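Below is one structure, written out as structure tokens, with a few remarks after it.
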Amino acid sequence: MLLWTTIVVVATAQVAMRTPTLRFSASGGVGFLFADTGSDLDGVLTTAQTDQLYQSLRRARHLSGDIHYLFKDQYGIGIKYIFHHTSGEENEVLVDPGDNLHFIVIDLRESDYLNFTGLSFGGYSAVGKQKRIGLTSSLSAGYAFLRSELSMIGQQLLITGGNFAMNAEIGADYRFHPNLGIGITLGTFSGYFRKVKITDGTQTQEQKLDKDEQYNASNIHLTLGLRYYIN
């Protein structure tokens, strides 16, 4: 009985670790924006605080999910979704309003949300004797939507925009079960927003940003997540 059980387990393992037909991925991690920002707010006297705010806005929380249909054993096509969020705030920032009489103290807050959905071309290559490790890669192109919430000098602003964007990733999966695994991914996202809508609660206006004012959402990210395979 033990001999037959061993044979069945070994045979199952050999068959189950073949390249999957469908690969589902859900990951979470951290990102860092490439944009080099600085204290460019007119009248700000405590620039160290705004520098710290901008550095906070460069660190992102990153979530992603995708599904790929693999054909010819190694390459496939699918859909990629990405969400990342950055935020920062600084209190009691000293500002010179330019009237040569007063200084004002303000609180600055900003939260930026980005959603991306695109067509993805992916690769999966199993390595090792038992084929438990899979090397992965993907290149995605699609549409990114930006939502930025700003608060300063008692005013609330909502900025929205959309544009074409791309994402590229490489990684590795470890399959601890024929249908389940964990994976780590290193990726880079490229996206710029040149035209936005600005709403203050009563009025909405469209604005085309100059080159040095464009919102740069490009970033590098590292994520860890679960994988589900269908053979």
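Here are a few things to note about the model shown:
- For region 102-132, the set of residues classified as out of contact with any Leu (no Cβ under 7 Å at 6 or more places or on another chain), surrounded by 15 or more Cβ atoms within 10 Å (Cβ to Cβ) and among the hydrophobic types (A, V, I, L, M, F, W, C) consists of Ile106, Phe116, Ala126, listed by residue number.
This table checks each residue for (1) under 20 Å from Thr86 (Cα atoms); (2) not charged (D, E, K, R).
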| position | (1), (2) |
| --- | --- |
| His177 | no, yes |
| Gly187 | yes, yes |
| Ser190 | yes, yes |
| Phe193 | yes, yes |
| Val196 | yes, yes |
| Glu206 | no, no |
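- Of all residues making up region 185-198, the number that are surrounded by fewer than 16 Cβ atoms within 10 Å (Cβ to Cβ) and over 22 Å from Leu150 (Cβ atoms): 2
- Screening Thr188 with (1) among the β-branched types (Val, Ile, Thr); (2) touching a strand residue (DSSP E or B) at 6+ places or on another chain (Cβ under 9 Å); (3) not in a strand (DSSP E or B) gives one miss only, at (3).
- Only one entry in Leu45, Leu57, Leu63 is surrounded by 15 or more Cβ atoms within 10 Å (Cβ to Cβ) and modelled with pLDDT under 95, namely Leu57.
- Residue check for Gly171: surrounded by 18 or more Cβ atoms within 10 Å (Cβ to Cβ), small (Gly, Ala, Ser), without any contact (Cβ under 8 Å) to a residue 60 or more places away in the chain and more than 28 Å from Leu70 (Cα to Cα): no
- Of all residues in region 21-42 being part of a loop (DSSP other than H, G, I, E, B) and at pLDDT 80 or above, the one that is nearest to Ser125 (Cα to Cα): Thr21
- When Ile220, Ile184, Ile159, Ile170 are screened for being hydrophobic (A, V, I, L, M, F, W, C), on the phi < 0 side of the Ramachandran plot and at pLDDT below 95, only Ile159 passes.
- Single residue of region 87-130 satisfying the filter (out of contact with any strand residue (DSSP E or B) (no Cβ under 8 Å at 6 or more places or on another chain) and closer than 24 Å to Pro20 by Cβ) that is modelled with the highest pLDDT: Gln130
The values are calculated or read from the model by the stated rules, or taken from the named source; none is laboratory data. Treat the numbers as computed from the prediction; the structure is a model and nothing was measured. Note that each Cβ is placed from the backbone with ideal geometry, even for glycine, and that neighbours are counted across all protein chains shown.
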